[in-house]
Amino acid sequence: MESSNDIVILTQARPRSPRLVIAGCVAHCHADYHEFQRSQVTPAAFIVKSDDEHYAGGCLRQLRRDPDHATALAFIDGAASDADRHIGDGALPGSAALLIERIEQWRSRERAVRSKGDNRGPDAMLLEYMWLRPGYVLEPLADWQYLRRYRYPVLEALDRSESDPMTWIHGLDKHGLIERVALRDRQRECDFCGSAHLNFVDVCPNCRSIDIDQHTALHCFTCGLVAPEERYIKGEHRICPKCGTRLRHIGSDYDRPLETNLCLACDHVFVEGEVEARCAVCKRSMPTTRLRLHKIHSWRLSGRGCLTAQGDGGHGQTLFEPRQYLPYPHFLGSLDWALKLAREGSHFGFAVAGLHLANMAELNQALGVGRTAELLDAFADRLRESLSDADLATRADPETIVVLLPHADRKRLAALHQTMRRLVAQSVQENAAGPSWRIAEHLLTAKSARDEDSATLLRRLRSRLADNATQQVA
């Protein structure tokens, strides 16, 4: 690409000359982002100029999805929606001096990033985006049309895999790459689909009907009947509809109890109804105690995140922290290293064990997606705590765990099976729902490791885990 100190203007209103001079820089005008890509220019900044929100938003999202320019400065000169303003760099600076100052500040940081590597994955892109903007805070945007009500438009724009932005944030937080700035809100979410669009309804505690009403009730001392007052009225007198006693004096014949609600479906009288949450998205109903609590924070780069954004530190620092799950690529590298040690003919041997959840769909149906995820996370944490500091483990996906056990033998694997049975028993919920794991393992020695490599070994392990005949721990 042509190296330039130029600016690109994306505008529907094409000027007479395709090149202008702004703040001492040549500005190239293009009608859309695809036209700009064909120009092979590497600009110092972009300006999106339009009074059409749809056009401005389209240009900004195309820019942020382009790995070559995703973290570039992009100023807005005109109209844009709230979400699209979150993925831009604000309004065009009011003077040429301010524009040049912003560009120079960005470029001084960009030189540090570009000299460290060319990783253009979503994590690296986000950290780079935040690093290039001093003091940048990733703020949530409240949007009632969004499933979870709060969203982070920058994450949506940079992520080309359409993954869950909240899961992405939690992963970066877990690795210490970002840190909380402020708690912006707390909200309850559906335990099944994660929606924050909930309706809270009072229901009858006896039959769960919503057809309830407030009534003045009377309590007959003779037979103990509690019923709405209108059922006692017979002409000008109060007469118990059950025992026929005439109620003359409050305190001696009857009183007015606290129960003031009546279910019109089953005639049950009660003080307060039970509150039930009903999801407007998946239509499920659940008690309020089953709702997920979600804390909404704003975020900034941590010290480790700043180093990682420049290509120094970050995930690599957590590679061999004891009792932590390794990222899958790091686990593969460690497994390759263990195979090389075994092939050297020393007395080193090890075992690789795979665990796969066999009943994910059933758990989601019985517990909801939220509680199932929490249950699996808790199980994984307890399993890792039961292993020694020398053991390595990775979560290949939400349903699969792989562990590497140095110097393991059949006795060590039997102990792992026993641990699994204990943890499974502890994970059973109040409705008898619990995880059912398939387990498969390979013992590796100098002889058996001779023709192995990590990728082939794990593929064979996964194949065994997918077999319904594989041993289950339930």
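What follows is calculated from the coordinates using simple rules that are stated; it is not laboratory data. Please read these numbers as outputs of a predicted model, since none were measured by experiment. All Cβ positions, glycine included, derive from the backbone under ideal geometry; neighbour counts span all protein chains shown.
A few comments on the model shown:
- Percentage relative contact order, the chain, counting C-alpha pairs under 8 Å, at least six apart: 12
- Global geometry of the chain, whether rounded, prolate or oblate, following the gyration tensor of its Cα atoms and the 1.5 cut on a/c: oblate
- Among Lys411, Lys174, a tally of other beta-carbon atoms within 10 Å of each Cβ gives an order, fewest to most, of Lys411, Lys174.
- Relative contact order (%) - the stretch 210-314, alpha-carbon pairs under 8 angstrom, separation at least six: 20
- Peptides 234-247, 36-49, 385-398, ordered by how many other C-beta atoms sit within 10 Å of their residues on average, highest first, read 36-49, 385-398, 234-247.
- In order through the stretch 261-272: 3J(HN,Hα) via Karplus (6.51 cos²θ - 1.76 cosθ + 1.60), integer Hz, x for Gly, Pro: 10, 10, 8, 7, 8, 10, 6, 6, 10, 8, 6, 9
- Loop-located GluC sites (Glu not before Pro) in the stretch 130-185, at most 11 other Cβ atoms within 10 Å (DSSP): Glu162
- Stretching the chain fully between His54 and Val26 yields a gain of 7.4 nm (0.36 nm per residue, less the alpha carbon separation).
- Secondary-structure-derived ellipticity at 222 nm for the chain, considering helices only, amounts to -9500 deg cm²/dmol, per-run term -39500 (n - 2.57) for DSSP H runs with n ≥ 4.
- The lysines within cross-link reach of Lys174, meaning a Cα-to-Cα straight distance under 23 Å and a gap of 8 or more places when in the same chain, are Lys295.
- The angle between the Cα long axis of helix 369-386 and the main principal axis of the chain comes to about 70°, on a 0 to 90 degree scale.
- Fraction of the pair-distance distribution of the stretch 339-474 above 25 Å, Cα-Cα pairs, percent: 28
- Residue exposure sequence - His30, His170 - by fewest surrounding Cβ within 10 Å: His170, His30
- Between 0 and 90°, nearest 10: helix 328-343 axis offset from the chain longest Cα axis: 70
- Counted by Cβ distance under 10 Å from Ala440, the other residues give a net charge of +2, where Lys and Arg count +1 and Asp and Glu count -1.
- Relative contact order (%) - criterion: Cα under 8 Å, at least six apart; region: the stretch 205-272: 38
- The stretch 408-466 and the stretch 359-388 have Cα centres spaced 16 Å apart.
- Label-point separation in nm, Thr288 to Arg462, each point 7 Å along Cα→Cβ: 4.5
- Summed residue charge, Cβ within 14 Å of Ile169's Cβ, Lys/Arg positive, Asp/Glu negative: 0
- Debye, to nearest 20: dipole size of the chain, +1 on Lys, Arg Cβ, -1 on Asp, Glu Cβ: 880
- In straight-distance terms, cross-link reach from Lys340 covers every one of the aspartates and glutamates whose alpha-carbon lies under 18 Å from its own, apart from those fewer than eight places away in the same chain; here that gives Asp391, Asp451, Glu452, Asp453.
- Principal-axis analysis of the Cα atoms of the chain puts helix 410-427 at an angle of about 50° to the longest axis.
- Formal net charge of residues neighbouring Arg102 (Cβ-Cβ distance under 13 Å; K, R +1; D, E -1): -1
- The stretch 1-115 shape via C-alpha gyration tensor axes, a/c threshold 1.5: rounded
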